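Input: a single structure, listed below in structure tokens.
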Amino acid sequence: MTYKANNPALKSWVEVPKDSDFPIQNLPYGIFSTAEKSARAGVAIGNHILDLTEIQSAQLFNDLNLPDRIFDKAVLNDFMDLGKKITISVRERISELLQVDNQELQSNDQLKAKALVPMEKATMHLPIQVGDYTDFYSSESHATNVGTMFRDPDNALLPNWKHIPVGYHGRASSIVISGTPLHRPKGQTIAQDAEKPDFGPAKLVDFELEMAFITCGENELGDSISTEEAEEHIFGFTLFNDWSARDIQKWEYVPLGPFLAKNFGSSMSPWIVTMEALEPFRIAGPKQEPEVLPYLKFTGDYHFDIDLQVGIKPKDSEEKVVTNSNFKYMYWNVVQQLAHQTVNGCNINTGDVYASGTISGNDPSSYGSMLEISWRGTKPVEMPDGSVRKFINDHDTVIMRGHGEKNGVRIGFGEVRTELLPAK
């Protein structure tokens, strides 16, 4: 589908620095506050945030018949729940208002002063009330690497992996916004050849480079969402760091999977980039063999060419980029993931988070976790200060970035940045 707001020729009267993640073709949604403004919805444009509450109050959305004060809320859920037809029309209208030849807002100095907020004056908040959280395991390279390390290199993938988008239900309450520090978790671990476990802080804390999609539009309990219908239930995407404690995970994951190794925290970037803004970056995915069951078949392109990067910044030192990956390195795509989630009649909520699973390419330079990058600690990574990393140290800050670029337009996600603090 073609959206006017995606036109690469569009220019904004708001200054957009070169290599900004937020040109007029992006317009991602977030929740922000300032010293003078309570938490509310905004859209990123360059180094500014457009205050949508002020725009609605000025009656610049009147033709869209939006509910009163729909943007004057601390989360985006009610807005997303209006449905894609409405949210798409809002994005198109915002694009009109910000275009260089449109004077409605540009020439209104008083409104412009209230509605355009410099990012450095804003505090970003978790943009959604997270109802539920599912974490998938959908990168073949990552699953193969893990299976090679922990099971049998000749049979790295479990028998079900190419038949279903494997996932588990995670902890929604511990998803935090970028900039929120997390403490090193404590739990049970077992040393090699030990007969019983010990308790204490995890030694092998790791990041997992992921993307996450956010749902809109609920289905009834007992009803499924097909791959054809799934896009109508996907509002947009964020960067996602699914923090993991590998030593806790090793001891606990049999027979039911991740628990304390994962639920101590996951970090999300503050801006939700809409499905529509990512339209130019759709690409075909890999051929899926064996053939999937009918409910997982789909038509169209649902992989995305989005460059991803992870850096580690030790305290009082320079950052080291440890991987460059891409969202296209997925086996299962987002419509298959949502179709599988609901095929048994599971009901979804507006604001649910569905993480991709660790995104790894075939090359070691594109691996999406320290478990793989250091190959279970056997290949330490040297930092600019001379120290080395097998996993994440206390007071390290992990920084994830992502963007797509096509026809001279860069659509980015900003950063998700998290410092790991010592165990409490």
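Mean silhouette area of segment 212-363, derived from the convex hull of its C-alpha atoms and averaged over all directions, reads 11.4 nm².
Counting each pair of different Cα atoms once, what's the Kirkwood radius of segment 1-119 in Å, rounded to one decimal?
Evaluated over segment 1-119, this radius sits at 14.5 Å.
With Cα atoms as the point set, segment 306-424 shows a radius of gyration and Dmax of 17.0, 53 Å. Between the residues PRO23, ASN65, ALA41, the greatest Cα displacement towards the positive end of the dipole of segment 1-72, with unit charges on the Cβ of Lys, Arg, Asp and Glu, is found for PRO23.
Pairwise alpha-carbon distances in the chain exceed 28 Å for 48% of all pairs. Working from Cα pairs under 8 Å separated by at least six residues, relative contact order for the chain is 21 percent. Ordered from highest to lowest accessible area with the whole protein assembly present and a 1.4 Å probe, LYS313, LYS85, LYS406 read as LYS85, LYS406, LYS313.
Residues HIS163, HIS183 ordered from highest to lowest accessible area at a 1.4 Å probe: HIS163, HIS183.
Working note: 222 nm ellipticity from helices only, DSSP H runs with n ≥ 4, each -39,500 (n - 2.57), summed and divided by the residues of the chain, gives -4000 deg cm²/dmol to the nearest 500.
Think of a 1.4 Å ball rolled over the protein heavy atoms: segment 72-164 then has 48 Å² of accessible area per residue.
Return a whole-number percent for the relative contact order of segment 1-43, with Cα pairs under 8 Å and 6 or more residues apart as the contact set. Contact order relative to length: 28 percent. Surface composition of the chain: carbon plus sulfur atoms contribute 49% of the solvent-accessible area (1.4 Å probe, protein chains only, all chains present).
When the P(r) is computed for segment 152-215, the part past 18 Å accounts for 65% of the Cα-Cα pairs. If you take the Cα centroid of segment 305-341 and the Cα centroid of segment 163-187, the two points sit 15 Å apart.
Each Lys and Arg adds +1 at its Cβ and each Asp and Glu adds -1 at its Cβ; summed about the Cα centre, the chain shows a dipole of about 680 debye.
Name the residue, out of ALA284, ALA115, ALA74, whose mean-square fluctuation peaks in a Gaussian network model built on the chain with Cα pairs under 10 Å. Sorting by GNM fluctuation, first place goes to ALA284. Take the Kirkwood radius over Cα pairs of segment 69-199, plug it into Stokes-Einstein at 20 °C and 1.002 mPa s, and you get 104 µm²/s for translational diffusion. Of the residues GLU289, GLU279, the one with the largest accessible area comes first in the ranking GLU289, GLU279, computed with a 1.4 Å probe on protein heavy atoms.
The charge dipole of segment 98-169, taken about its Cα centre with unit charges on the Cβ of Lys, Arg, Asp and Glu (plus for the first two, minus for the last two), comes to roughly 160 debye.
Check each of the trypsin sites (Lys or Arg not before Pro) in segment 1-67 and keep only those in coil by DSSP with at most 16 other C-beta atoms within 10 angstrom; list them in order.
Details: sites: LYS4, LYS11, LYS18, LYS37, ARG40; in loops: LYS11, LYS18, LYS37.
Passing both the DSSP loop test and the Cβ count: LYS11, LYS18.
Each part reduced to its alpha carbon centroid, segment 358-415 and segment 247-286 end up 15 Å apart. Here the Gaussian network model covers the chain, with springs between Cα atoms less than 10 Å apart; of ARG389, ARG401, ARG151, ARG151 fluctuates the most. Here the mean projected area of the convex hull built on the C-alpha positions of segment 1-62 is 5.5 nm².
Pairs spanning more than 32 Å between alpha-carbon atoms, out of LYS73/LYS406; LYS186/LYS328; LYS84/LYS424; LYS11/LYS37; LYS112/LYS313: LYS73/LYS406; LYS186/LYS328; LYS84/LYS424; LYS112/LYS313.
For segment 318-424, which GluC sites (Glu not before Pro) are both in a DSSP coil and crowded by at most 13 other Cβ atoms within 10 Å?
Passing sites in segment 318-424 are GLU318.
Entry for segment 144-185 at q = 0.20 Å⁻¹: log10 I(q)/I(0) = -0.78, Debye formula applied to identical alpha-carbon scatterers, no solvent contribution. Placing +1 on the Cβ of every Lys and Arg and -1 on the Cβ of every Asp and Glu, with no other charges, gives segment 179-247 a dipole of roughly 760 debye about its Cα centre.
The values are calculated or read from the model by the stated rules, or taken from the named source; none is laboratory data. In this text the structure is predicted, and so the values were computed from the model without any measurement. Neighbour counts run over all protein chains shown; Cβ positions are idealised from the backbone, glycine included. Ligands, DNA and RNA are excluded from the accessible area calculation, which covers all protein heavy atoms including side chains. Shrake-Rupley method; radii C 1.70, N 1.55, O 1.52, S 1.80 Å.
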